Amino acid sequence: MKGELEGRVALVLGAGSLGEGIGIGKAICLAFAEAGASIVAADCNLEAAEETARMCREAGGTAEAAMVDVTDDAALADLVSGTAERHGRIDVLYCNVGLGKAFSSDQTSPADWRQIADANLTALHVASQAVVPVMKAQGGGVVLTTSSIAGIRHVGYPHLAYGVTKAAAIHFTRLFAQEHAAHGIRANTIVAGLIDTPRIRQTLATSYGGRSFDEVRKVRDAQVPLGLMGTSADIAEAALFLASDRAAYITGSEIVVDGGLSATVRESSI
């Protein structure tokens with residue numbers, strides 16, 4: 001809703017898109033900006049972050065870009081503290097980082113595992129701990145993260161390290177919410193289903209035996225009870241709700257945005 005985040009500051013990690021189009025982080029930034037929030041769009045790719053910030057400004061919002069490697073603990077903590085210093089507050093921290101390796105687990109090295117865990121889980125811990133003093137001082141705030149149905153079920157192809165770390169992110173958020181509820185800090189997770197983003201166009205075709213994206217799209221659409229993959233905007237709508245006062249009594253919980261996929265046993269034939 002327009003104006004419902006007016007005067008608030010939102011720091012979004014993973015705000016850029018991998019390729020042309022609108023990924024989840026970019027869509028969230030746009031939704032928050034259109035609702036009146038001042039956006040800090042952070043990504044490991046500065047050019048992608050700048051494009052997101054530019055689109056937010058073109059939509060009438062206020063936004064700036066920042067580059068951060070979320071696996072660099074000090075740099076990530078500095079980003080949080082620097083954002084608070086420049087803007088005087090942080091009302092929403094959104095962790096939209098997702099790194100994975102869609103191959104059988106015997107092809108996932110210990111180094112792969114650590115990199116995926118650092119990006120998907122350790123960064124969530126570092127960023128949320130860094131924002132707690134800020135939110136306590138201002139009397140509250142919202143911490144949100146994007147997880148995946150890969151964290152609660154098999155999705156039709158091997159994705160072990162990604163799925164395990166996304167499962168842990170869900171439980172992290174539940175426990176974090178309990179620990180900080182007394183300070184007015186809410187924390188929730190969006191569990192995303194099969195979402196049509198620029199990233200899957202570049203990376204997931206190899207997970208389906210080298211098929212073209214059009215073939216992959218048909219397979220993924222057929223998996224979903226509603227008959228099609230979701231969009232980044234579907235996730236952004238849920239994010240806006242959870243960031244807003246409409247969700248003032250929701251914490252330590254998850255919203256599943258998956259077209260019904262997690263309630264079915266349908267899987268692709270690879």
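Just one of the numbered conditions (1) open to solvent by 60 Å² or more (accessible area, probe 1.4 Å); (2) out of contact with any helix residue (DSSP H, G or I) (no Cβ under 8 Å at 6 or more places or on another chain) is not true of S109: (1). In the set (1) open to solvent by 30 Å² or more (accessible area, probe 1.4 Å); (2) in contact with a Phe, Trp or Tyr (Cβ under 8 Å, 6 or more places away or on another chain), I28 fails one condition alone, (1). Determine if segment 218-230 includes at least one residue that is at pLDDT 80 or above, open to solvent by 90 Å² or more (accessible area, probe 1.4 Å) and closer than 23 Å to G184 by Cα. Within segment 218-230, none of the residues are at pLDDT 80 or above, open to solvent by 90 Å² or more (accessible area, probe 1.4 Å) and closer than 23 Å to G184 by Cα. Regarding segment 115-132, can at least one residue be identified that is touching a strand residue (DSSP E or B) at 6+ places or on another chain (Cβ under 7 Å) and more than 18 Å from A10 (Cα to Cα)? No, there is no match, as no residue in segment 115-132 is touching a strand residue (DSSP E or B) at 6+ places or on another chain (Cβ under 7 Å) and more than 18 Å from A10 (Cα to Cα). Scanning segment 39-67 for residues that are outside any helix (DSSP H, G or I), under 18 Å from the mean Cα position of the chain (by Cα) and not hydrophobic (A, V, I, L, M, F, W, C) yields D43, N45. A single entry from A137, A167 fulfils the requirement of being assigned to a helix (DSSP H, G or I) and touching a strand residue (DSSP E or B) at 6+ places or on another chain (Cβ under 8 Å): A167. Entry remark, segment 34-58: residues being closer than 20 Å to G140 by Cα and open to solvent by 10 Å² or more (accessible area, probe 1.4 Å) number 2 in total. Contact map, segment 122-147: residues that are under 22 Å from L240 (Cα atoms) and in contact (Cβ under 8 Å) with a residue 12 or more places away in the chain paired with residues that are small (G, A, S) and assigned to a loop (DSSP other than H, G, I, E, B), Cβ distance under 7 Å, separation 6+ or inter-chain. Pairs shown: G139/G184; G140/G184; T146/G98.
Do we have any residue at all in segment 234-244 that's in a helix (DSSP H, G or I), free of Cβ contacts under 8 Å to residues at least 40 places away in the same chain and over 22 Å from W113 (Cβ atoms)? Checked segment 234-244: at least one residue is in a helix (DSSP H, G or I), free of Cβ contacts under 8 Å to residues at least 40 places away in the same chain and over 22 Å from W113 (Cβ atoms). In segment 56-69, the residues that are closer than 17 Å to S17 by Cα form Cβ pairs under 8 Å with partners that are of a type in the set (V, I, T) and surrounded by fewer than 17 Cβ atoms within 10 Å (Cβ to Cβ), at six or more places apart or across chains, as follows: C56/T62. For Q202, indicate whether it is open to solvent by 40 Å² or more (accessible area, probe 1.4 Å), modelled with pLDDT of 75 or more and polar (S, T, N, Q). Here the answer is no, as Q202 does not meet what is asked.
Considering (1) under 14 Å from the mean Cα position of the chain (by Cα); (2) small (G, A, S); (3) modelled with pLDDT under 95; (4) open to solvent by less than 10 Å² (accessible area, probe 1.4 Å), the lone condition that A169 does not fulfil carries the number (3).
The values are calculated or read from the model by the stated rules, or taken from the named source; none is laboratory data. These numbers come from a predicted model, not from an experiment. With ideal geometry, Cβ positions are generated from the backbone for all residues, glycine too; neighbour counts draw on all protein chains shown. Heads up: the accessible areas ignore ligands, DNA and RNA and are worked out on the full protein's heavy atoms, side chains in. Shrake-Rupley method; radii C 1.70, N 1.55, O 1.52, S 1.80 Å.
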